[in-house]
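A short write-up of the structure that comes next.
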Amino acid sequence: MRLSQVACYHGPNIWSKEPVLVCSLEMTPAYAAHFVTGAARLARAFPYWIDSSLLTAAGTPPGEIVARAVARWALGALIEVRGYLHEADARNGPGGATVWVGFHHPRLTGMALELAVNALALASSNENFSAELMKADLDDLWKHCSQLHPDYQARILMIASRRQDIPVQAFLSGTRYRQYGWGARSRVFRESMSNADGYLADDLTRNKPLSKSVFAALGMPTPRHVVVTDAAQLGDAASEIGYPCVVKPHNMGGGRGVTAGIRTAAQLQQAYQFARQVTAGPLMVEQFVPGDEHRLMVVGGKMVAAIRRESSAVVGDGKSTIAQLIDQLNADRPRNLNRSRYRLLIKIDDGLRGHLASQGADIDSVLAEGRRMVLRGTSNMSTGGVTVDVTDRVHPAVVSLAEQLALTVGLGTAGLDYLTSDISRSPLEGGGGFIEMNTVPGIDIPVAAGWTEEKIGSLVLGGIPGRIPVELCISPSLNLEAARQAMGEPQSGPTAAWVCGPELHIGALQLRLAEAAPWAALRGALRNKAVTSVRIAATVDEILAHGLPLDRFDRIVLAGVTFPERWQAVIEHAAISVDCRDFELHEGRPEK
């Protein structure tokens, strides 16, 4: 069995409507049945990746069954940790099959396909094949996916974009910046933070004491705090703040290094040392506010969600240790965040052990039947916390404070952390207070609380992202003047763009992109927020080599060219209208 690359299509093509890497999988008919057995073992070992029904479809040739198993396994491996891809299939042919799989980065999809072939070969020759045998290779692939694929917050936005027919592209290749929509109808996000959030807002949110100074300057309720830089200052800090108190790093998130509910000087020293494990910078000693932490999400000046965060807890059965009870909770939290609904694994670390010790227990303790024990003093999802939707219960005063705060600071998408024992009461009644604000609000939090990705993703994207008019002229050779003539009516104005090979024209401006990737100049035009329409000049050879440059066009003009039947169907499906025009070039100009 041999895998070899056939093509890398960056747009619609004869195999898929989306970008795909296409390979040939050569195998002799005599070995196809042998590999079908391996495909069945692959499906049993990776049931979430391969639908076993495809292995038993009536009338499907063995070679195609095997190729489809390879494609689906590769896709499953690519999106298990990070990513949002959909295309994976195969078609049988003479001497083997054609396999195609979607990509964010073609190189990673190529790696996944090679790994799939290796996994199939191993499964075919080993009747005791299991997922554990592929662990080392998969961990290596996932390391690359974690760096180059969209993260889970981007994935939520991409789900909403797909449902709303909003195009998505990388804003800067190799980074976490992604663009939703085209040109004048685009927004750029990094995770769930966008270019609607100002630099000042981001600066203020990164520094916890500075954030609290903002709360105080606006007269908003917030617990008192003192900043310390060494252990010698802890006594004075405790005298000023009082017990119980909280210790947290100055500028770190995710609950790292945080200890809450400190009641003695000894516990304060322990909390200080725990924080020092994650930072050498300043620490905050903060007044403890009883109650639960709530993430208030404000988008475009309006509060859209309030999610209560709670620490995970175990309930005793009279025979299992706390460590075993944690394992039982983690069994429902696979590495794949989609299947776990964004609930992360509960890790046994010093923070968890310390909180158990404060309750007179350790991980080897056996809890009496029915006894409930909270595992941490913090409720961050990154440390295994759980979430509850309380949006409909928030007191109007809390809503108003959150909206005013986001508006004043300049947060287009804000995640405000508010502590209270009762979110339905005003701060004056319930004694609540703001403790943090975030430009990346954690849009996975509502999903973990029961929201759909589409619902929260649509709210965060807002009403701006969408499509602008795009037209394509395909001619025998790249000639901008010929394309202009073939398109008929002129396209003019300072915000109208023309793309021809590496050249980009926006109004009277002429730009040239050095990037060698297919359709690089077009990507540059679509990134430009000043651009309101785009026309593209391309050749038949470019289309056949790279696929169509985009998934949809208002119009495609075929200027003196024809395509094979399957490609003609791709073109007609991608355009609202297709015009065929006969043109001949004479001294560099077209004649009709």
Filter result (in contact (Cβ under 8 Å) with a residue 12 or more places away in the chain, assigned to a loop (DSSP other than H, G, I, E, B) and either on the phi > 0 side of the Ramachandran plot or touching a strand residue (DSSP E or B) at 6+ places or on another chain (Cβ under 8 Å) (or both)) within the range 326-370: Arg341, Tyr342, Arg343, Gln359, Ala361, Ile363, Asp364, Ser365, Leu367, Gly370
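Looking at the range 6-28, which of its residues are assigned to a strand (DSSP E or B), more than 28 Å from the chain's Cα centre (by Cα) and surrounded by fewer than 21 Cβ atoms within 10 Å (Cβ to Cβ)?
Of all residues in the range 6-28, those assigned to a strand (DSSP E or B) come to 6-9, 20-26.
The next check asks that each one be more than 28 Å from the chain's Cα centre (by Cα); those that pass are 6, 24-26.
If the condition is that a residue be assigned to a strand (DSSP E or B), more than 28 Å from the chain's Cα centre (by Cα) and surrounded by fewer than 21 Cβ atoms within 10 Å (Cβ to Cβ), then Val6, Ser24, Glu26 are the ones that fit.
Let's see how each residue does on (1) closer than 15 Å to Glu293 by Cα; (2) among the charged types (D, E, K, R):
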site: Gly360; (1), (2): no, no
site: Asp364; (1), (2): no, yes
site: Ala368; (1), (2): no, no
site: Gly385; (1), (2): yes, no
The range 419-435 residues that are farther than 17 Å from Leu405 by Cα, paired with ones that are of a type in the set (Asp, Glu) and assigned to a helix (DSSP H, G or I) (beta carbon under 9 Å, 6 or more apart): Asp422/Glu429
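Any residue at all in the range 63-77 that is within 24 Å of Asp151 (Cβ to Cβ), part of a helix (DSSP H, G or I), in contact (Cβ under 8 Å) with a residue 60 or more places away in the chain and not hydroxyl-bearing (Ser, Thr, Tyr)?
Going residue by residue through the range 63-77, those that are within 24 Å of Asp151 (Cβ to Cβ) are 72-77.
Filter once more, keeping what is part of a helix (DSSP H, G or I): 72-77.
Adding the requirement that they be in contact (Cβ under 8 Å) with a residue 60 or more places away in the chain leaves 77.
When the remaining residues are screened for being not hydroxyl-bearing (Ser, Thr, Tyr), the result is 77.
Looking through the range 63-77, at least one residue is within 24 Å of Asp151 (Cβ to Cβ), part of a helix (DSSP H, G or I), in contact (Cβ under 8 Å) with a residue 60 or more places away in the chain and not hydroxyl-bearing (Ser, Thr, Tyr).
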Which listed residue is of a type in the set (A, V, I, L, M, F, W, C), at pLDDT below 95 and touching a strand residue (DSSP E or B) at 6+ places or on another chain (Cβ under 6 Å), from Val399, Val386: Val386
Every residue from the range 348-367 that is out of contact with any Leu (no Cβ under 8 Å at 6 or more places or on another chain) and either modelled with pLDDT under 95 or not hydrophobic (A, V, I, L, M, F, W, C) (or both): Ile348, Asp349, Asp350, Gly351, Arg353, Gly354, Ala357, Ser358, Gln359, Gly360, Asp364
Residues located in the range 156-170, provided they are over 21 Å from Asp444 (Cα atoms) and surrounded by 20 or more Cβ atoms within 10 Å (Cβ to Cβ): Pro167
Count of residues meeting criterion [part of a helix (DSSP H, G or I) and closer than 17 Å to Pro396 by Cα] in the range 412-461: 4
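Take the conditions aliphatic (A, V, I, L, M), part of a strand (DSSP E or B), touching a helix residue (DSSP H, G or I) at 6+ places or on another chain (Cβ under 8 Å) and within 21 Å of Trp15 (Cβ to Cβ) and apply them to Val578. Does it pass? So that I can check it myself, show each step before the final result.
Numbers: aliphatic (A, V, I, L, M): yes; part of a strand (DSSP E or B): yes; touching a helix residue (DSSP H, G or I) at 6+ places or on another chain (Cβ under 8 Å): yes; within 21 Å of Trp15 (Cβ to Cβ): yes.
Considered against the rule, which asks whether it is aliphatic (A, V, I, L, M), part of a strand (DSSP E or B), touching a helix residue (DSSP H, G or I) at 6+ places or on another chain (Cβ under 8 Å) and within 21 Å of Trp15 (Cβ to Cβ), Val578 comes out as yes.
Every residue in the range 425-448 that is within 18 Å of the chain's Cα centre (by Cα) and crowded, with 21+ Cβ neighbours inside 10 Å, please. Before you say what the answer is, go through the steps one by one.
Within the range 425-448, the first condition is being within 18 Å of the chain's Cα centre (by Cα), and the residues that meet it are 438-448.
Asn438, Thr439, Pro441, Gly442, Ile443, Asp444, Ile445, Pro446, Val447, Ala448, listed by residue number.
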Enumeration of residues in the range 371-406 that are closer than 29 Å to Arg335 by Cα and among the small types (Gly, Ala, Ser): Gly377, Ser379, Ser382, Gly384, Gly385
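Inside the range 501-534, can you point out the residues that are among the hydroxyl-bearing types (Ser, Thr, Tyr) and crowded, with 19+ Cβ neighbours inside 10 Å? Outline the logic, then answer.
Step one: of the range 501-534, the residues among the hydroxyl-bearing types (Ser, Thr, Tyr) are 532-533.
Within the range 501-534, Ser533 is the sole residue that qualifies.
For the structure I just gave you, tell me whether Leu108 is assigned to a helix (DSSP H, G or I), at pLDDT 95 or above and in contact with a Gly (Cβ under 9 Å, 6 or more places away or on another chain). Steps first, please.
Working: assigned to a helix (DSSP H, G or I): yes; at pLDDT 95 or above: yes; in contact with a Gly (Cβ under 9 Å, 6 or more places away or on another chain): yes.
Yes.
Looking at the structure I just gave you, is Ile576 surrounded by 18 or more Cβ atoms within 10 Å (Cβ to Cβ), β-branched (Val, Ile, Thr) and either modelled with pLDDT under 95 or under 21 Å from Pro469 (Cα atoms) (or both)?
On the way: surrounded by 18 or more Cβ atoms within 10 Å (Cβ to Cβ): no; β-branched (Val, Ile, Thr): yes; either modelled with pLDDT under 95 or under 21 Å from Pro469 (Cα atoms) (or both): yes.
Answer is no for this residue.
Residue under question is Ser173, and the condition is that it be closer than 30 Å to Val470 by Cα, loosely packed, with under 14 Cβ neighbours inside 10 Å and of a type in the set (S, T, N, Q); does it hold?
Details: closer than 30 Å to Val470 by Cα: yes; loosely packed, with under 14 Cβ neighbours inside 10 Å: yes; of a type in the set (S, T, N, Q): yes.
Yes: the conditions hold for Ser173.
The values are calculated or read from the model by the stated rules, or taken from the named source; none is laboratory data. In this text the structure is predicted, and so the values were computed from the model without any measurement. Virtual Cβ from ideal backbone geometry, glycine too; neighbours counted across all protein chains shown.
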